[in-house]
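The values are calculated or read from the model by the stated rules, or taken from the named source; none is laboratory data. Here the structure is a predicted model, which is why all the values come from computation and not from measurement. We place every Cβ from the backbone using ideal geometry, glycine too, and count neighbours over all the protein chains shown. What goes into the accessible areas is simple: the full protein's heavy atoms, side chains included, and nothing from ligands, DNA or RNA. Shrake-Rupley method; radii C 1.70, N 1.55, O 1.52, S 1.80 Å.
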Amino acid sequence: MTARTSPPPPRATSYASFASYVQARRPVLLRTARSLTNDPLDAEDLLQTALARTYVHWDRIADHGALDGYVRRALVNTRTSQWRRRRVEELPSETLPEPREHTAAPADPAERQATRDALWRAVLRLPDRQRAIVVLRYYEDLSEARTAELLGVSVGTVKSALSRALVKLREDPELPLAR
């Protein structure tokens, strides 16, 4: 088994020819990189990585007429390596997790309406600021930043008041979800 040696660094004349190649061909190569990724910023990173790999081997490339093909191959290989290294967040399982009983919606429409009414009565029992924040965040589906802007408070205030409100709602004895 032979030891792998790194190639010698490219010379200054190599840098000038590489820089002129990149300047002339960058738009075309970037289009290729964009076709390999969904995000334009990822495409630029991909092209940068492929060009860095190409520059390391610049002096060893004999046919400078085939540089586009060389860089395209570097793009594809780099993208394939990224794709293979991606982390899989979900793992297969033999059994499906069962939902919690209290999160399952009642099948009876009357029970669903009674649950909604009880929840709304519990929201009405909250202090004014907490009630306003719960309504804006969950009923109006506004972001924390937009809620803070509308109420004239900081985002941190929205977060802390919302946290306290949710604790009160969870502990409310009249809500069927609390049982």
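Among Arg79, Arg53, what's the order by accessible area (1.4 angstrom probe), most exposed first?
So the residues, ranked largest to smallest area, are Arg53, Arg79.
For the pair Glu149/Leu41, report the inter-label distance in nm, with labels modelled 7 Å from Cα in the Cβ direction.
In this crude spin-label approximation the distance works out to 2.1 nm.
On a full-extension model of 0.36 nm per residue, what is the gain between Glu111 and Ser81, subtracting their alpha-carbon distance, rounded to one decimal in nm?
Computed gain between Glu111 and Ser81 is 5.5 nm.
On full extension of the chain, what length is gained from Ser17 through Arg170, given 0.36 nm per residue of separation minus the C-alpha to C-alpha distance?
Contour length minus the Cα-Cα distance gives 48.3 nm.
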